Amino acid sequence: MPIIKINNRDVHIQELNKEATETVLLIHGMFSNLSVYYFNIAPILAEHFHVVMYDLKSHGMSERTLHGYDLNSMTDDLYALMETLDLNTVHLAGYSFGGLIALKMALRFPEKLKKLAIIEAPDPSDEKARGIIDDYSREFLEHYVENFTDTTKVKMGKRQMERNHRMYEFLFYQTSIKNDMVAEKDFFSDSEITTINKETLLLYGSDSNCMETGKQLSKMIKSSELMPVPGDHNIPIQEPVLVGNMINTFFMN
Amino acid sequence: MDTVASTAKMNNDEIFDLMKQFITEVIGEEFVEEMDITPESSFTKDLEMDSIEIVSFSEKIKAHFGDQIDFTGWLSSMDLDQLINLNLGMIINYIHECQ
């Protein structure tokens, strides 16, 4: 299992097609991990690109940590990861919370990026999105798992439920993730977003609660294109091949 | 004629034991002890492996067999329903065929 040290912490990464000249870097969402890309989307991109996936802190198989879930810290981590892997510039794609990290990256380190693909990034001022964090409970988890995660089609067994329960308990009650997220609520209203000048693909589920955010971003980012994908917030799970192909075409042209 | 290849070739029982070892490494001995792992065991329902655990499992297969077996490629050709129904026997057969 490839583990590298980033800012003194263990980070789990996966790479495909290291020989390719251009690199695509993929960021997963909150409470998820790199497997959201590993099985379908990454192999499609790896036909032409060097693909790098990594698990965010306390997610997947990366080391747990108590602090630093704000977008500055998350992009510091990503910058350090690029330095460690000797990646000069990359095409960057991020899903959900990972989409917010990608947008922040474009603002802070534009020189490190080529094109940008944002999949279902939510508006951080949306109370409902943040409400998840306030209302956490075991019942909430069961409901959340049934409705919103990539395991919708599989009833979670006891071991998985315990495993997920432990992860949520850790993230919600022991780390700074709650406060760090609340502190980001003005990220979109901050006019800074309008200064992003990267060619940007916005992929949003046609039935997603986040579609309005996609429209909002397409107005704010000059050289962006919003493309609807059949499905809801879970489009990388619902339409992995379509999403993979759309990102691939966008990065290739 | 295939003497060299056949010495390295594993039979189904050997592949099964190796897969069991990988599963134990991924999900931990304490859980495996409670399970009766058979070729019929499904990955998601019986073994309760989630996607990041299947990533670990795939990596172990890659590390062991190298380029001989494109396990991730094989998995990615499946749709969600097929993945949910994936059982150990199917993996054993796939590895056996690739050898």
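The values are calculated or read from the model by the stated rules, or taken from the named source; none is laboratory data. Computed from a predicted model, the values in this text were never measured in an experiment. Every residue, glycine among them, receives a Cβ derived from its backbone with ideal geometry; neighbour counts consider all protein chains shown.
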Suppose we keep only residues that are closer than 18 Å to A:LEU87 by Cβ and not in a loop (DSSP other than H, G, I, E, B) within the stretch A:20-36. Which one would you say is nearest to the other protein chains (Cβ to nearest Cβ)? A:LEU26
Selection from the stretch B:64-84 of residues modelled with pLDDT of 85 or more and more than 9 Å from every other protein chain (Cβ to nearest Cβ) yields B:HIS64, B:PHE65, B:GLY66, B:GLN68, B:ILE69, B:ASP70, B:PHE71, B:TRP74
Options B:ILE15, B:ILE92, B:ILE37; residue that is away from chain A (no Cβ under 13 Å), aliphatic (A, V, I, L, M), in contact with a Phe, Trp or Tyr (Cβ under 6 Å, 6 or more places away or on another chain) and in contact (Cβ under 8 Å) with a residue 24 or more places away in the chain: B:ILE92
Which condition breaks for B:ASP36 when tested against (1) in contact with a Gly (Cβ under 9 Å, 6 or more places away or on another chain); (2) over 25 Å from A:GLU15 (Cα atoms)? (1)
Taking the stated definitions as given, is A:ALA42 within 11 Å of chain B (Cβ to nearest Cβ) and more than 28 Å from A:GLU169 (Cα to Cα)? yes
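Yes/no per residue for (1) in a helix (DSSP H, G or I); (2) among the small types (Gly, Ala, Ser); (3) buried (at least 19 other Cβ atoms within 10 Å of the Cβ); (4) in contact with a Ser or Thr (Cβ under 7 Å, 6 or more places away or on another chain):
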{"site": "B:THR38", "(1), (2), (3), (4)": "no, no, no, no"}
{"site": "B:THR44", "(1), (2), (3), (4)": "no, no, yes, no"}
{"site": "B:LEU47", "(1), (2), (3), (4)": "no, no, yes, yes"}
{"site": "B:ILE52", "(1), (2), (3), (4)": "yes, no, yes, yes"}
{"site": "B:MET78", "(1), (2), (3), (4)": "no, no, no, no"}
{"site": "B:ILE84", "(1), (2), (3), (4)": "yes, no, no, yes"}
Lone unmet requirement of (1) within 16 Å of the chain's Cα centre (by Cα); (2) crowded, with 22+ Cβ neighbours inside 10 Å; (3) not charged (D, E, K, R) for A:LEU45: (1)
Condition (residue is among the polar types (S, T, N, Q) and closer than 23 Å to A:VAL36 by Cβ) applied to the stretch B:60-71: is it met by at least one residue? no
Enumeration of residues in the stretch A:37-54 that are in a loop (DSSP other than H, G, I, E, B) and within 15 Å of B:GLU59 (Cα to Cα): A:PHE39
Quick one: in the stretch A:48-72, of everything that is surrounded by fewer than 17 Cβ atoms within 10 Å (Cβ to Cβ) and under 19 Å from A:LEU113 (Cα atoms), which residue is nearest to the other protein chains (Cβ to nearest Cβ)? A:HIS48
